[in-house]
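So the structure is just underneath, and the comments pick up after that.
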Amino acid sequence: MIKTRKPVIAGNWKMYKTVTEAVAFVSELKLAVGGIGNVEVVVCPPFTALAKVAEALGSTGIGVGAQDVYWEDKGAFTGEISAVMLKEAGCRYVIIGHSERRQFFGETDAFVNQKVKTVLEHGLVPIVCVGELIGERESGITEKVVRLQTEAALAGLTADQAAGLVIAYEPVWAIGTGKTASDADAQQVIGFIRGVVRHLFGAGAAGKVRIQYGGSVKPQNTVGLMEQPDIDGALVGGASLDVESFAGIVKAAAGI
Ligand code: 13P
């Protein structure tokens, strides 16, 4: 299928890999996926490894992302990291509002919105995560949940800013469980999210915003997901920690 939007395959390493392990990983990864031009590849290591990973990747075209950010540039905010610092470390992307941050660290929709705005102001690309809990899916409110999360995260943005975003639809029940949403279910919700963006910002932005699927993505289920008209890549957890499986996902998305 010909898509006008370039797919983004991003690896969210979560709290895995020391600096040494991270550098060894990307040294192998660049050999495994070097020369693939029709997919954007991004790795999101822990904060400590960002600068070294960016240095090791150099001009390979593989992007580096952070897993969170704070919205002030500097100040007395113990434990936080600003967009200015991420940029200096070589980041181009920032994951915002991952369900683990929402569940375990009290991240609210209002925080997510502040972070999205800050990241855009600094010229970085937010990867905005939305997704429903299992109970929400079972009670039939998936669309309502992702609509409210999307509206809140994108509040106050311009249409141009919305067009440049990456949104990751990650049903929480599919994360780390081995239960992937079916291709049809993922397409249905992602098509719905694109509709929310259209409603808020118009057809131009909706046609450009890239929307990934995340939740137990593996090389074996990538092709089916990528064949869906509205799915523009994947946010990969567990399978991004191994070069062979992550490269397998990139290649499947590239049609190799
Ligand atoms: P898994 O791929 O391990 O299910 O994790 C998905 C995820 O949370 C990516 O952000």
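Since every read-out is calculated from the coordinates, none of them should be taken as a lab result. No experiment lies behind these values; they were computed from the predicted model shown. Cβ atoms come from the backbone with ideal geometry, glycine included; neighbour counts cover every protein chain shown.
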Based on the alpha-carbon gyration tensor of the chain, what equivalent-ellipsoid semi-axes (square roots of 5 times the eigenvalues) come out, in whole Å, largest first? 25, 23, 17
What are the semi-axes of the equivalent ellipsoid of segment 126-201, taken as the square roots of 5 times the eigenvalues of the Cα gyration tensor, listed largest first and rounded to whole Å? 22, 12, 11
What is the set of long-range amide H partners of ARG210 at a cut-off below 5 Å, with H atoms built 1.01 Å from backbone N? LEU165, ILE167
Step through the residues of segment 235-242 one at a time and calculate ³J(HN,Hα) from phi using the Karplus curve (6.51 cos²θ - 1.76 cosθ + 1.60, θ = phi - 60°), rounding each to whole Hz and writing x for Gly and Pro. 10, 10, x, x, 6, 8, 8, 10
Given VAL236, GLY61, LEU133, which one lies farthest toward the positive end of the charge dipole of the chain, if we put +1 on the Cβ of every Lys and Arg and -1 on the Cβ of every Asp and Glu? GLY61
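Take the alpha-carbon positions of segment 1-69, form their convex hull, and give its projected area averaged over all directions (one quarter of the hull surface) in nm². Show your work: numbers first, answer last.
On the way: hull surface 20.9 nm².
Over every viewing direction, the Cα hull of segment 1-69 projects on average to 5.2 nm².
Of the trypsin sites (Lys or Arg not before Pro) in segment 131-185, which ones lie in a loop per DSSP and count no more than 15 other C-beta atoms within 10 Å?
On the way: sites: ARG137, LYS144, ARG147, LYS179; in loops: LYS179.
In loop regions of segment 131-185 (DSSP not H, G, I, E or B), the sparsely surrounded trypsin sites (Lys or Arg not before Pro) are LYS179.
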Testing the spin-label approximation: label points 7 Å from Cα along Cα→Cβ at THR158 and LYS179. State their distance in nm. 4.3
Counting only residues 5 or more apart in sequence or on a different chain, those whose built amide H sits under 5 Å from that of VAL125 are TYR93, VAL94
Taking neighbour Cβ counts within 10 Å as the exposure measure, how do TYR93, TYR70 sort from fewest upward? TYR70, TYR93
Once both labels are modelled 7 Å past Cα along the beta-carbon direction, what's the THR4-THR60 spacing in nm? 3.2
Give the residues of segment 12-44 whose amide nitrogen is closer than 11 Å to a point set 7 Å from the Cα of THR78 in the direction of its Cβ. none
Working out 0.36 nm times the residue gap between HIS199 and GLN103, then minus their Cα-Cα distance, what length gain in nm do you get to one decimal? 31.7 nm
In cubic angstrom per residue, the convex hull of segment 49-156 built on its Cα atoms measures 119
Could you pull out the pairs from LYS6/LYS218; LYS52/LYS117; LYS14/LYS218; LYS14/LYS115; LYS3/LYS218 whose alpha carbons sit more than 24 Å apart here? LYS52/LYS117
